[in-house]
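Here, each number is a calculation from the coordinates, and none is a lab measurement. As the structure is a prediction and not an experimental result, all values here were calculated from the model. Cβ: placed from backbone, ideal geometry, glycine included. Neighbour counts: every protein chain shown.
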Amino acid sequence: MTGYAQTVADGIDERLKLRVVDVVGELEGETGDRQEIFYVLTGSGSLETAGEAHELEPDSGILLVPGERYAIVGDLRLVAVDAPVEGEIERERVVSRFADRDEERADEKRTFRVLHQGELTQFVGVVEPCRAPDHSHPYDEVGYILEGTGIAHIGDAHVPLQTGSCFYLPPGCVHCIENTGPGVMRIMGVFHPAGSPKQRSYDAARR
């Protein structure tokens with residue numbers, strides 16, 4: 001199957017599933033046999049799980065493991081991604097904040113910070129105005145545009161992107177995300193299985 005992008009995020013229901021969730025007051029849930037990862041877009045509140053409370057603020061990532069019950073309290077908008085489990089999960093932290101993570105460089109025009117790295121990867125990428133060479137990855141990927149405008153080039157499709165757009169890329173799908181705006185583009189991405197934004201199975205720049 002090929003990948004695709006949605007200018008206005010309507011949700012993704014593939015091997016990785018993505019949706020936007022609004023919490024007004026309280027949201028209770030249980031992960032079941034999959035793992036679930038959230039990203040706080042706006043608002044503040046707390047996550048309660050396993051008898052502990054964790055403060056939530058914008059640009060925070062939350063990793064919940066299979067069989068975990070939780071409650072998110074507050075007024076927040078989140079991106080939620082759930083993924084299958086194929087190996088042992090090693091969770092370093094429940095909540096990870098963008099500001100606390102080390103910045104890494106993918107190339108001259110792109111940096112990223114990994115929020116969670118275990119059986120899957122959650123990261124936030126920052127892209128300066130540019131078009132990267134076409135490439136593909138060896139993992140499933142979903143992405144959500146946090147800031148900026150651009151174009152998702154996926155196969156023969158060229159889909160406009162804006163804040164609130166999303167995309168799905170299966171393994172081996174040749175693509176590139178172009179930033180056509182005057183400022184940076186920020187992308188929240190999730191890979192499964194775990195990987196690095198620098199990892200390529202195909203890269204047109206190396207041909």
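Pull out a ≥ b ≥ c, the square roots of the eigenvalues of the alpha-carbon gyration tensor of segment 103-207, then state rounded if a/c is under 1.5, prolate if not and a/b is larger than b/c, and oblate in the remaining case. In terms of gyration-tensor shape, rounded. Computed from backbone phi, the HN-Hα couplings of segment 59-64 come to 6, 10, x, 10, 10, 10 Hz, rounded to whole numbers (Karplus: 6.51 cos²θ - 1.76 cosθ + 1.60, θ = phi - 60°; Gly and Pro given as x).
Here the gap between E147 and E104, fully extended at 0.36 nm per residue and compared with their Cα-Cα distance, gives a gain of 13.6 nm. Looking at segment 97-187, which GluC sites (Glu not before Pro) are in a loop (DSSP not H, G, I, E or B) and have at most 14 other Cβ atoms within 10 Å? Taking segment 97-187 and a limit of 14 other Cβ atoms within 10 Å, the loop GluC sites (Glu not before Pro) found are E103, E108. Only alpha carbons enter this Debye calculation for the chain, each as an equal point scatterer, and the log10 of I(q)/I(0) it gives at q = 0.11 Å⁻¹ is -0.48. Residues whose amide H comes within less than 5 Å of that of L161, counting only those at least five positions distant or on another chain, are G150, I151, A152 (H built at 1.01 Å from N in the peptide plane).
Residues whose amide H lies under 5 Å from that of G172, counting only those 5 or more places away or on a different chain, are H137, Y139; hydrogens are built 1.01 Å from N in the peptide plane.
How much length is gained on full extension from A53 to A71, taking 0.36 nm per residue of separation minus their Cα-Cα distance?
5.5 nm
Using the Karplus relation 6.51 cos²θ - 1.76 cosθ + 1.60 with θ = phi - 60°, the per-residue 3J(HN,Hα) values for segment 93-102 come to 7, 7, 10, 10, 9, 3, 5, 8, 9, 6 Hz, with x marking Gly and Pro. Under 5 Å between amide hydrogens, built in the peptide plane, is the criterion, and for L56 it picks out G45, S46, L47 among residues at least 5 positions away or on other chains. Computed from backbone phi with θ = phi - 60° and the Karplus coefficients 6.51, -1.76 and 1.60, the 3J(HN,Hα) list for segment 74-81 is x, 10, 9, 10, 10, 9, 10, 10 Hz; x is used for glycine and proline.
Just add up the charged neighbours of G43: K/R +1, D/E -1, any other residue whose Cβ is under 10 Å from the Cβ of G43. Value of the local net charge: -2.
Local charge for R69 was computed over the other residues whose Cβ lies under 10 Å away, with Lys and Arg +1 and Asp and Glu -1, and equals -4. Taking Cβ atoms as reference points and 14 Å as the exclusive limit, the residues near A157 contribute a net charge of -3, counting Lys and Arg as +1 and Asp and Glu as -1.
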